[in-house]
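Asks: Pasting a structure below so you can have a look.
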Amino acid sequence: MSLTLTLATVLKKPVKNSYHVVLVDDNSQTMGQLTSELQTAVSRLIEASRFKGKLADTAISYGTDNNTGLLLVGVGSQDKLNGGSLQKIAKAIYASLSSLTKSAVISLGDSMDEVSFGQLALALLNQSYTFDIYKSQKADKPTLKDVTLLVSADNQPAFDTLLQLQHATAQGQSLTKDLANQPPNVCFPAYLAEQAQSLANQYPELLTVKVLGEKDMQQLGMNCFLAVARGSAHEAKLVLLEYNGKAAKKDKNSKTKGKKSSLEQPIVLVGKGITFDSGGISLKPGLGMGEMKYDMGGAAAVMGMIKALCEARLPLQVVGALACAENMPSGTATRPGDIVTAMNGKTVEILNTDAEGRLVLCDTLVYVQRYQPKVIIDMATLTGACIVALGYVRSGLYSNNEDVIFELEQASESAYDRVWHMPLDDDYQEQLKSNMADMQNIGGMPAGSVTAACFLSKFVEDIPWAHLDIAGTAWQSGKEPTATGRPVPLLMHYLYRQAAQDAV
Ligand code: BES
Ligand code: MN
Ligand code: ZN
């Protein structure tokens, strides 16, 4: 991590070799407590620069030493402060200081509640992400390394815990982004399996990895999954990462001593890992097809989650399942009209080979039920229709369980990694009826994101399950496409609360 955040309550000595950051609202009110000396300097700078405190506006005065100075950042109206404005504020701070100084101090006092503090911290940590391994001309290395957040003594203990969680989250997100940004000639299923293995090597006491190849899938009858990979030169892989954050505890009062796989009712995270989605025989149009390297964003998020869990060492048992395949056209590729049998015995008529995500996911959902999960959460860049419905702001949330819906909605707002609850009514299943098989893999134009989720629901038996359609949120599309690392913040908040619930 190139940026480290630390908490402090009072400054032991005057700020040396550091920029002081002061947040100012549109009434020229400063946030946090300031020493009278600093308050004077702030008032002077506000006047000299005609500073209005507009959101993300900045004013700077350079100190006499190279590394010192004062930065004002506008926050707009204090009661309108939310996750979005905090992200803009973080961006403004980083842009102003990243190549100016090694360290900075931000006065917050008790001007922020826990939720806002967490959002600001994560936004700051995420500023330093870059992906330039394929550029000959690298951007200059940022100088900013340490940021101290000055908070009130009352808030310090709670904020400290949250800050640790956000450091872990940012590290997970950074891995998610790195994997997703990799080009599809580098990142294919075996690459993701290798990355999982190297993650397990970094945390041997917490992680076990298992990789199923196409032979294993044949034996298990995962023919929907296999159908997607048939046109590709790359072998499909189902990667399982088992995180046992209770391992240390368990060995002491060991009921399960000596048993190798000791996960009891884990939380299972499933990610769509299509390393390139050409559409297959139902070939996609060429424009923007390069962005379909991000079709493994779900799997990348699951791997990032596992890394974040290892960093945060949450006392939970979690399985990450990465459903990895490449969707390509060829003479051996699946044809529209092919009928295959899924692992649970259901037959599927594949009428569009571009609706491949649900095919790798349905067999994976059946497979992971052998862990007897407490809950399954899958995440997938599943449908363009979800972008039509929710744009690039909220991920689609589908679930068969009211509690899971509530908990994910809560976590998503606190993490500012937002979701919107979408319907799963039985009536939609009509659209998936096939003339030839138990179901077909497409449901036509209307409610395309819903029918995709309905398809998945047919493969989950009486287990709390949620599906996140992250087609619009996993990466930023357009002129400068880049991975966002979503929904790692949402799920880390969710798992953090699950761990807290388990503890009582
Ligand atoms: N990976 C795509 C969905 C997608 C498209 C995500 C654009 C993000 C941006 C998925 O595999 C797909 O192709 N879905 C089809 C489904 C259709 C054939 C029923 C789609 O959305 O068009
Ligand atoms: Mn597709
Ligand atoms: Zn896809």
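Here's the yes/no breakdown for (1) closer than 15 Å to A321 by Cβ; (2) within 13 Å of ligand 3 (Cβ to nearest atom):
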residue	(1), (2)
G357	yes, yes
L361	yes, yes
V366	yes, no
D378	yes, no
T383	no, yes
C386	no, yes
L390	no, no
R394	no, no
L397	no, no
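Asks: Test each condition in (1) closer than 30 Å to T9 by Cα; (2) open to solvent by 10 Å² or more (accessible area, probe 1.4 Å) for T169 and report the one that comes out false.
Replies: (2)
Asks: Can you name the residue in the range 212-225 that is out of contact with any Asp or Glu (no Cβ under 9 Å at 6 or more places or on another chain) and within 28 Å of L316 (Cβ to Cβ) and is also most open to solvent (accessible area, probe 1.4 Å) among such residues?
Replies: D216
Asks: Could you list all residues from the range 112-142 that are assigned to a loop (DSSP other than H, G, I, E, B) and among the hydroxyl-bearing types (S, T, Y)?
Replies: At the first step, the residues of the range 112-142 found to be assigned to a loop (DSSP other than H, G, I, E, B) are 112-113, 128-142.
Within the range 112-142, S128, Y129, T130, Y134, S136 meet the criteria.
Asks: Could we say that E235 is in a loop (DSSP other than H, G, I, E, B), modelled with pLDDT of 95 or more and in contact with an Asp or Glu (Cβ under 9 Å, 6 or more places away or on another chain) here? Break it down into steps so the answer makes sense when it comes.
Replies: Details: in a loop (DSSP other than H, G, I, E, B): yes; modelled with pLDDT of 95 or more: yes; in contact with an Asp or Glu (Cβ under 9 Å, 6 or more places away or on another chain): yes.
Yes: the conditions hold for E235.
Asks: If you take the residues in the range 468-504 that are free of Cβ contacts under 8 Å to residues at least 40 places away in the same chain and under 21 Å from G288 (Cβ atoms), which one is surrounded by the most Cβ atoms within 10 Å (Cβ to Cβ)? Please lay out each step first, then the result.
Replies: Here is the first cut: in the range 468-504, the ones free of Cβ contacts under 8 Å to residues at least 40 places away in the same chain are 478-480, 500-501, 504.
Now drop any that are not under 21 Å from G288 (Cβ atoms), which leaves 478-480.
Working: G478: 10, K479: 5, E480: 6.
Filtering the range 468-504 for residues that are free of Cβ contacts under 8 Å to residues at least 40 places away in the same chain and under 21 Å from G288 (Cβ atoms), the one surrounded by the most Cβ atoms within 10 Å (Cβ to Cβ) comes out as G478.
Asks: Under the condition of being open to solvent by less than 20 Å² (accessible area, probe 1.4 Å) and within 16 Å of ligand 3 (Cβ to nearest atom), which residue from the range 432-450 is farthest from A180 (Cα to Cα)? Let's see the steps before the verdict.
Replies: From the range 432-450, those open to solvent by less than 20 Å² (accessible area, probe 1.4 Å) are 432, 437, 439, 441, 443, 448-450; that's our starting set.
Next, from what is left, pick out any that are within 16 Å of ligand 3 (Cβ to nearest atom): 441, 443, 448-449.
Details: N441: 26, G443: 28, G448: 24, S449: 22 Å.
Here the answer is G443.
Asks: Quick check, is A453 within 13 Å of ligand 1 (Cβ to nearest atom), aliphatic (A, V, I, L, M), open to solvent by less than 50 Å² (accessible area, probe 1.4 Å) and under 20 Å from M296 (Cα atoms)? Before you say what the answer is, go through the steps one by one.
Replies: Numbers: within 13 Å of ligand 1 (Cβ to nearest atom): yes; aliphatic (A, V, I, L, M): yes; open to solvent by less than 50 Å² (accessible area, probe 1.4 Å): yes; under 20 Å from M296 (Cα atoms): yes.
Taking the combined requirement at face value, the residue satisfies it.
The values are calculated or read from the model by the stated rules, or taken from the named source; none is laboratory data. Predicted model, so just to flag it, every value in this text is computed and none were measured. With ideal geometry, Cβ positions are generated from the backbone for all residues, glycine too; neighbour counts draw on all protein chains shown. Keep in mind that these areas ignore ligands, DNA and RNA; they rest on the heavy atoms of the full protein, side chains included. Shrake-Rupley method; radii C 1.70, N 1.55, O 1.52, S 1.80 Å.
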